Amino acid sequence: MREKTPPGIVQEAASVPVKAPARLPASPGGRLARWLVSGPPLLYLAVFFAIPTLIMVLASFRFPGDFGGLAPIFYEDETGRHLDLTLENYSRFFSDFLYTELFIKSFAYAALTTLVCLLIAYPLAMLIARSPKKQRDLLVLLVILPFWSNFLIRVYAWMIILGPNSVFLGAFNRVLGVFGLEPVTLLYTPFAVVVGLVYVHLPFMVLPLYANLEKHDPALLDAAQDLGANAWNRFWRVTWPLSLPGVFAGAALVFIPAFGIFAIPDILGGTSGIMIGNVIKQQFLDTRDWPFGSVLSIVLTVTAVALAGLAAAFARRSRL
Amino acid sequence: MALLEIRNVTRRFGDFVAVDDVSLSIEAGEFFCLLGPSGCGKTTLLRMVAGFDAPDGGAIFLDGRDVTGVPPEARNVHTVFQSYALFPHMTVAQNIAFPLKMTGVAAGDIAQRIEEALDDVSLSGMARRYPNELSGGQRQRVAVARALVNRPKLLLLDEPLAALDAKLKEKMQLELITLQKEVGIAFVYVTHDQQEALALAHRIAVMNRGRVEQLDEPSKIYGFPANRFVADFIGTCNILDAEVVREEGERVLLNITGLGEVETVRGEHLRSGAKGVLALRPEQVCISHQLSPGAEDNHFAGRVFDFLYLGDVTVYVVELANGSRIEAMLPNSAPGRAKFFEPGDSVEISWRRDAGRFLPEQSA
Ligand SMILES: Nc1ncnc2c1ncn2[C@@H]1O[C@H](COP(=O)(O)OP(=O)(O)OP(=O)(O)O)[C@@H](O)[C@H]1O
Ligand SMILES: [Mg+2]
């Protein structure tokens, strides 16, 4: 979006002789300033992302310990000390199609969740962005209101809503009965998982979309209409392409956490709704096979980072 | 039949009357200016013509057809917005192609039409640029090209040059005049800049507080302002309180409070005793050290109070016997010389009998 500057300011700014911008790293003071600014975030990334990832990568090449955890990294025999590393964990992942299948299934759930979130969030974000300024803040507040209560409690609430004693489901099944159809169960099905995923991630789609749509210059829509565009063309040729950065940001914020989540399928999915996150959690907490859990985590991280990179590249390609 | 007829159009926002019973008719091929101070309802009127807003009273006819209820996309009228409203995600060519696509022009013809449109506004070679890669003047031209490319009946321009600097503005004004002549499409041009309106328009409607104060050719508007508002708003004007003494045919004898009697001309019938003002343009006021023989019809003695050097001209502020001040403008014919009169000099000022204009008090 173009910044609107009062013409007076522009003229003043133009009439002031401008010195060539100083290069930051030229002086030692400048270098210090740079480190002061970029240091803390770099430190954060190192401590909470790079180092744990390295530990995980290393763990994925090790053997599990006899009682869980990791086996010692060296073993000793009569010839001396040896590094005790292996590729066995990876070969296990690639030899058993079950895990790849789980990845594909999780990917499908996450993709479906992202799509449904987009379909619900887009009109919602548009509505908020186009309502009067006073109401906008209230509506945004309503979107983030669920964050004020515990995530798990909200998901447990869906257990009741989707459960066999639910009023809604009961009424729905009675309607089905009228048409001579079998009653349906929703809890502990993939359907329940996707409902839970959509419910939990919806705000992460609404907020970036709203932030984007709110910046659109309404004059563009007037211009489009003036030049002969009907409502559909105004949306498809103006609003939608301009909102793509918001769409990609929202999609990344929904897809990546939904891909690796375990709490929702744990609570709502039963055995049929299990996702890769559940298996990773199992490896670490139940089976206590940390190396294999690390392998699964690495595959998940690599896939997620690759997809995020792809989304970022698309967002950049769309020029805004 | 007029191309655009605005008949008794009124638009209210709550209690506020933004456009108040405006009637205008605009002919095909005309360059028409809506001129008025900020907030006088120009944009509101324009939006009703474009179809973005509907009148609360009255009606708008395009080509003799009442367009009430016809949405903007179905009106053969295009707008150049003040912010240009170029689509930032489309190249110049795609921006210009937009209206063509919307009206279903065959894909094969579009490329050639874009070429022609760009040529019209001398932007050939810029087709693949994005709006943020253009200068203000270039953006403005793209907006005009886009609005003209499928030859609307009427082009509405809402202060299209307001964001440009003075030099560029002048250049674009000349280009717009040429372009309008070339394409022959009627322009309705909104501005609050009186010089721009005088320079561009065939006819000007001067608006104030939602009403049309005067509708005429530029030279008539400037030379014969209909009332005090127009006289004040267009150019600078000396305003002297006056009262009609008597009328003798074309000639009107006025008494200027505290100064004496002057003569002027006024077409309309005036009662003697009518109160009002005498409006006098600074360039119509002569200033000299002594009254030359065979002088102009009205003259008074005064003293130079101050002066304003403007480069091409110098404006002298002359204080008259009654304490009122009159501005007189003199071209600077001698280079390097800022003034012919010093503050404090005794001078004579004079003006032709047909120069001043008596404006009766408005019965508002
Ligand atoms: N949607 C609206 N609601 C309430 N008042 C409005 C609305 N639109 C315009 N107005 C009022 O109507 C008056 C005329 O507005 P308009 O935009 O037509 O002025 P304008 O002549 O175009 O002024 P400018 O030269 O500043 O653009 C203003 O006082 C404005 O506050
Ligand atoms: Mg306006």
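Readers should treat all values here as calculations from the given coordinates under stated rules, not as data from a laboratory. These numbers come from a predicted model, not from an experiment. Reconstructed Cβ throughout: ideal geometry from the backbone, glycine too, with neighbour counts over all protein chains shown.
Some values worked out for this structure:
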item	result
For residues of B:91-104, the mean tally of beta carbons on other chains within 10 Å	3
Local electrostatic count at B:Ala186 - Lys and Arg +1, Asp and Glu -1, tallied over other residues with Cβ under 14 Å	0
Amide H contacts under 5 Å for B:Tyr189, placed H, 5+ residues apart	B:Phe32, B:Cys33, B:Leu34, B:Leu157
Long-range HN-HN contacts of B:Arg246 with modeled amide H, under 5 Å	B:Leu253
Inter-chain Cβ neighbour average for residues A:211-220, partner chain, 10 Å	2
Relative contact order of chain B, defined on C-alpha pairs under 8 angstrom at six or more residues apart (%)	15 percent
Relative packing of A:249-259, A:301-311, B:349-359, which averages over residues the other C-beta atoms within 10 Å, highest first	A:249-259, B:349-359, A:301-311
Total charge dipole magnitude, the protein assembly as shown, about the Cα centre, Cβ charges on Lys, Arg, Asp, Glu only, Debye to nearest 20	1440 debye
Positive-pole candidate from A:Pro164, B:Leu148, A:Thr287, dipole of the protein assembly as shown, charges at beta carbon	A:Thr287
Pairwise centroid distance, computed over Cα atoms, of the range B:22-57 with the range B:82-142, Å	26 Å
Backbone HN-Hα couplings from phi across the range B:94-105 [Karplus 6.51/-1.76/1.60, Hz, Gly and Pro as x]	5, 4, 6, 6, 3, x, 5, 5, 5, 9, x, 5
Highest-first arrangement of B:43-53, B:159-169, A:143-153, where packing means the average Cβ count within 10 Å	B:43-53, B:159-169, A:143-153
Per-residue mean of C-beta atoms belonging to partner chains within 10 Å, peptide B:71-77	4
Ranked list, fewest to most other Cβ atoms within 10 Å of each Cβ, for A:Lys133, B:Lys42, B:Lys101, B:Lys275	A:Lys133, B:Lys275, B:Lys101, B:Lys42
J(HN,Hα) series, the range A:53-64, from Karplus relation 6.51 cos²θ - 1.76 cosθ + 1.60, nearest Hz, glycine and proline x	5, 4, 4, 5, 4, 4, 4, 5, 9, 9, 8, x
Distance cut-off 31 Å, percentage of C-alpha pairs in the protein assembly as shown lying past it	71 percent
Shape of chain A, Cα gyration tensor, a/c cut at 1.5	oblate
Integer Hz, Karplus 6.51/-1.76/1.60 couplings in order for the range B:64-76, x for Gly and Pro	x, 9, 5, 9, 4, x, 7, x, x, 5, 9, 9, 7
